[in-house]
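So the structure is just underneath, and the comments pick up after that.
The values are calculated or read from the model by the stated rules, or taken from the named source; none is laboratory data. Source: prediction; values computed, not measured. Cβ atoms come from the backbone with ideal geometry, glycine included; neighbour counts cover every protein chain shown.
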Amino acid sequence: MAEVVTMPKLGFDMDEGKLVRWVIPEGDPVEKGAVIAEIETDKATVEVESGYAGVMFRHLAEEDTALPVNAPIAVIADEGEEPSEDEIDSLVKEAGGEAPEKAPTKEDKPEEEAEEKEEKEETEEESVEEEDADVTPAGGVRSSPLARRMAEDHDIELKKIEGSGPQGRVVKKDVEDYLESMRQEGREEEAEAVERVLEPMPAFAPGEAPEDEVVEMSRLRQAIGKRMQNSNQNFPHFYLTRNYKTDQMMALRKDINQLLPEGEKISVNDFIVKAVALALRRYPNLNASIEDKTHIRRHGQVNVGVAVAVEGGLMTVVCKDADQKPVRLIAREVREMAIRARERKVKNEDIEGSTFSISNLGMYAIDNFAAIINPPEAAILAVGAVQKVPDVVDGEVVVASRMKATLSADHRVTDGAEAAEFMEVLADYLEEPMRLLL
């Protein structure tokens, strides 16, 4: 029996999504759970999985089309089944959509398809010829103009990259694969550093200033602005900052990482996620959200959101049941989700369901900051850099490892005393990190 696939709701505040690309074309088999399309939301580009098995009978929406949530986007039929137009109309109406226009059949447009195919082949031939004409060795390496520009922008030596193009030419995909391999080999910090290479500072000669530039805000930037403005205006924030001793945690991390392969190293943030999750289990009011004017929902799961910087904004990936997972598993899950987030290929479960968030700017050498609560959560922890600082121990000045963290909490849900106790329990875990491994 034919089934209708609709635009999924990928977030509590999502109203519409943009169908970016069809992964499975019409006529191809579909397995249950297979990725059939990519949908762009305010947060990211998400892969949509099929809830049915069969054949992709009809696309009801074209690529690059914005559609409201629950709008029909495709029809999946059983193998050998060919639903009539009336049956498709009925299915679409049952799904709450409008009947689609009758799509021309192959018999109706053989000449049109032949012309389009011929034009496509001619265009591809022309583009290959143009690229080949402009391919020149760079530092002794044959490469396309786009690959050279990407390598230059990311400060990569082309001779380190194996080309997959004709005559060993390095193309765009080779550069992208090289960056991905750096991450998979455990060189995340190096890969991120390469991607954060600063452009040379322009030298402006005396004269007229550049003209103003007006740029359109991305969907992600608009969503962040809307959510943060709502939170800052409607959530009564209060803030608590504490300085944590991190000598033991840094020593334990060093010992553990010596035993782990390159791709599985544990970061400071992984310890923090585990410590926060265990502390939240003892303070459910901070693992909560406002249900309505008279009710608070204390969440049974402890799902810790981790803010990840992506192009054009910020995205929160979610480590589910973090209180029940070992640090090593937390590290792997967060690393994999962060990579998908930066590539704008997150799954829906990657970004949904957080009950508490962490924003860590330590890698940018930020000492201390306060974050805005991520609605509808009740609190967020802002983490600064681990630093070597002078400290007084037993009357003597010594070099110590310290880290500041600031809790932003919703005063409708909790109070200063309870939040302070939470920060104290968090200190127990961070300052005696063996507790996190028991």
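Checking every residue in segment 56-73 against the condition of being within 23 Å of the chain's Cα centre (by Cα) and without any contact (Cβ under 8 Å) to a residue 24 or more places away in the chain gives zero matches. Kindly provide the set of residues from segment 391-438 that are touching a Pro at 6+ places or on another chain (Cβ under 8 Å) and in a loop (DSSP other than H, G, I, E, B), ordered by number. Passing the criteria: His411, Arg412. Selection of strands (runs of 3 or more DSSP E) fully inside segment 279-390 by the criterion of at least 1 residues being within 20 Å of Glu424 (Cβ to Cβ) and not polar (S, T, N, Q) returns 288-292, 304-310, 356-360, 379-383. Listed by first and then second residue, the pairs with beta-carbon distance under 8 Å, at least 6 apart or on different chains, first residue in segment 328-349 and touching a residue at least 24 places away in the same chain (Cβ under 8 Å) and in the same structural domain as Ala275 (by TED's automatic domain parsing), second part of a helix (DSSP H, G or I) and small (Gly, Ala, Ser), are Ile330/Ala322. In summary, strands (runs of 3 or more DSSP E) completely within segment 1-46 and bearing 1 or more residues that are at pLDDT below 85 and of a type in the set (Asp, Glu) occur at 16-22, 35-40. Within segment 355-395, the set of residues being modelled with pLDDT of 90 or more, surrounded by fewer than 23 Cβ atoms within 10 Å (Cβ to Cβ) and of a type in the set (D, E, K, R) comprises Asp367, Lys388, Asp391. Can you pull out every residue in segment 47-60 that is under 28 Å from Ala223 (Cβ atoms) and either in a strand (DSSP E or B) or touching a Phe, Trp or Tyr at 6+ places or on another chain (Cβ under 8 Å) (or both)? Once the filter is applied, which keeps residues that are under 28 Å from Ala223 (Cβ atoms) and either in a strand (DSSP E or B) or touching a Phe, Trp or Tyr at 6+ places or on another chain (Cβ under 8 Å) (or both), segment 47-60 yields Glu47, Val48, Glu49, His59. Those residues that are among the hydrophobic types (A, V, I, L, M, F, W, C) and surrounded by 14 or more Cβ atoms within 10 Å (Cβ to Cβ), I need them from segment 214-228; list them, please. Leu220, Ala223, Ile224, Met228 - these are the residues of segment 214-228 that are among the hydrophobic types (A, V, I, L, M, F, W, C) and surrounded by 14 or more Cβ atoms within 10 Å (Cβ to Cβ). Based on this model, can you work out whether Asp255 counts as part of a helix (DSSP H, G or I) and crowded, with 19+ Cβ neighbours inside 10 Å? Judged against the criteria, Asp255 is not a match.
Set side by side, the residues Glu262, Glu208 differ, and just one is in the same structural domain as Val317 (by TED's automatic domain parsing) and at pLDDT below 90, which is Glu262.
A quick yes/no check of all residues on (1) crowded, with 22+ Cβ neighbours inside 10 Å; (2) over 23 Å from Ser218 (Cα atoms); (3) touching a Phe, Trp or Tyr at 6+ places or on another chain (Cβ under 6 Å); (4) among the aliphatic types (A, V, I, L, M):
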| position | (1), (2), (3), (4) |
| --- | --- |
| Gly313 | no, no, no, no |
| Val317 | yes, no, no, yes |
| Lys320 | no, yes, no, no |
| Arg328 | no, yes, no, no |
| Gly353 | no, yes, no, no |
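Per the listing Ser267, Ser231, the residue uniquely in the same structural domain as Val318 (by TED's automatic domain parsing), surrounded by 14 or more Cβ atoms within 10 Å (Cβ to Cβ), among the hydroxyl-bearing types (Ser, Thr, Tyr) and under 29 Å from Val413 (Cβ atoms) is Ser231.
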